[in-house]
Amino acid sequence: MLGEFVTRVLVLVLGYAYPGFECFKLMENSRIDVEQLLFWCQYWVIVAIITIFERFFDIFVSWLPLYGETKLAFFIYLWHPKTKGTRWVYEAFLRPLVTQHEPDIEQRLQRYRARAADLLLFYIKNFTEQGQSLFLEMLHYITAGSSKSNSSSKKNKRSEDDPLAIRRSEKAKEDFVYSPEVEEAFRAAQGAHRRSKPHH
C-alpha cells in the first residue's frame with residue numbers, strides 16, 4: 001500500500017511537476033530554444049494521450065503487477081537527457097497514427113467543442129434551478145419548524161395559565177376511546193400507583 005502511494009507521488013513529481021517546471025523555465029528564458037520547445041510539446045502530447053487512455057482502460061491494467069513502476073519508468077524514459085525517448089515514441093508511433101486519422105479526429109473534436117458550450121449552459125441552468133429549489137425547501141423547512149415550536153410553546157403556556165384549558169384537555173382524554181386491552185393496562189397501572197403511595 002505504501003509502495004503504491006510512493007509510486008503515485010513519484011509519477012506526479014517526475015511525470016508532471018518536473019516536466020512542467022522545465023517548460024516554465026524554457027518559456028521564461030529570454031532566448032527560446034525551438035528544438036527544446038518542440039521536444040516538450042511532443043512530450044505533453046504523449047502524456048495527454050496516455051492520460052486519456054488511462055481514464056478508460058485503468059480498470060483493466062491498473063491491477064497488473066508493477067504497473068505504476070512501469071509507468072514511472074516510461075515517463076522518465078520520455079524526458080531523460082540520455083534517452084530522450086519522446087522523439088522516438090512521437091516519430092515512430094504517434095505521428096504516423098495521428099496523421100492517418102487527423103481529419104476524423106479534427107472533425108470529432110470540432111463537434112465536441114460545439115456541444116461543450118451547450119452542455120455547459122445546460123449544467124449551469126440545471127445546477128442553478130436545483131440549487132434554488134433546494135434552498136427554498138430548506139428555508140420552508142426551517143420556517144415551518146420554528147413556527148411549529150412557537151405555536152406549541154404558546155399553546156403550552158396558555159394551557160398552564162388557563163384552568164379551563166386544563167379541564168378541556170382532561171375532558172378530551174376522557175372522551176377518547178381506548179381499546180379494552182389498553183384500558184385494562186391503564187387501570188392496572190393506576191391501581192399499582194395508588195398502592196405505591198405512602199399512607200399518612
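The values are calculated or read from the model by the stated rules, or taken from the named source; none is laboratory data. Just so you know, these numbers come straight off a predicted model, no measurement behind them. As a convention, Cβ positions derive from the backbone with ideal geometry for all residues, glycine included, and neighbour counts pool all protein chains shown. In case anyone asks, the SASA skips ligands and DNA or RNA and just uses the protein heavy atoms, side chains included. Shrake-Rupley method; radii C 1.70, N 1.55, O 1.52, S 1.80 Å.
Only one residue in R55, R113 is basic (K, R), in a helix (DSSP H, G or I) and closer than 22 Å to E4 by Cα. Which one?
The unique qualifying residue is R55.
Name the single residue that is nearest to V98 (Cα to Cα) among those in region 108-145 being among the hydroxyl-bearing types (S, T, Y) and either surrounded by fewer than 10 Cβ atoms within 10 Å (Cβ to Cβ) or over 20 Å from the mean Cα position of the chain (by Cα) (or both).
Y112
I'm trying to understand the selection: among the residues of region 1-56, which are among the hydrophobic types (A, V, I, L, M, F, W, C) and open to solvent by 100 Å² or more (accessible area, probe 1.4 Å)?
M1, L2, F5, L12, F21, F24, M27, V34, F53, F56
Of (1) under 25 Å from V45 (Cβ atoms); (2) modelled with pLDDT under 85, K82 satisfies all except one. Which?
Here K82 meets the rest and fails (2).
Quick one: in region 66-89, which of the residues that are within 23 Å of V6 (Cβ to Cβ) and of a type in the set (V, I, T) is most open to solvent (accessible area, probe 1.4 Å)?
The extreme case among them is T70.
For E102, indicate whether it is modelled with pLDDT of 80 or more, open to solvent by 80 Å² or more (accessible area, probe 1.4 Å) and not polar (S, T, N, Q).
In short, yes.
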